[in-house]
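The values are calculated or read from the model by the stated rules, or taken from the named source; none is laboratory data. All of these numbers come straight from a predicted model, not from anything done at the bench. Cβ coordinates were reconstructed from backbone atoms using ideal geometry, including for glycine residues, and neighbour counts include every protein chain displayed.
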Amino acid sequence: MSGDGQIIYALVSRGSDVLAEHTERTGNFEQVTRKLLQRIPAEDKIMSYVYPKEKYVFHYMVKDGITYLCMADEEFGRMIPFRFLEDMKNKFVDTFGDRAKTAIAYSFNPDFQGVIRRLMESANDPRNKQYRSTDSKIYEINEEIESTKNTVLESIEKVLDRGEKIELLVHKSDQLDDQARKFNRHSKKLKNRMLWKNIKMTLILAIVCLFVIYFISAMICGFDYHKCGNNK
């Protein structure tokens, strides 16, 4: 069963060459997943690696040399992430077919990133019965998961080299929103300060111009303008 978590990040790759990816949060996913992709064997397989310190799990599925991977909150369970990966695989194969075998890195990102995002939103929606039903397809995935249950939650630290441990950094949306609000407030204050500074400079320039005009006219007409008055 899944908890209150969600899928945060997903990608499609051929070996370590990422063809398309999407994330709902910010963090160093790219650095961590690139290390992980280098160590995923090419044979067809499903597997999950837990990142115990932060309670995130990397789930992946390899089919015909293409890796479909996602990162989710640990409490989200395994059923929905693997159903999501199955749907992502089907969409990808239907869209690109054999082109994935020769495509360069990120070549499908413009066309497939939006598909990943929509599938992720659908999987994360608790009202979506498609991912939470008990149809035969989910049971098939469940049987495959259960057949590898002894290793399905292996620590990712065992996969990465000991000398290359990477701290997984995840910035949640509420933290980003708070930072965005602070940035907006700071930007408004700075904008107001710059506006008042411009107004002050404009007033000073106007006063200086008036003084210069008065000084020039006074030199011509006299400070009491009696010379110009006598010419009339």
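Structure above, values below:
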| read-out | value |
| --- | --- |
| Single match in Val50, Val62, Val32 (criterion: in contact with an Asp or Glu (Cβ under 8 Å, 6 or more places away or on another chain), among the β-branched types (Val, Ile, Thr), over 23 Å from Lys101 (Cα atoms) and surrounded by 14 or more Cβ atoms within 10 Å (Cβ to Cβ)) | Val50 |
| Some residue of the range 89-100 being crowded, with 19+ Cβ neighbours inside 10 Å and within 19 Å of the chain's Cα centre (by Cα) | no |
| Filter result for the condition that a residue is surrounded by 13 or more Cβ atoms within 10 Å (Cβ to Cβ) and modelled with pLDDT under 90, over Ile116, Ile80 | Ile80 |
| Test for Phe108: is it in contact with a His (Cβ under 9 Å, 6 or more places away or on another chain) and at pLDDT 95 or above | no |
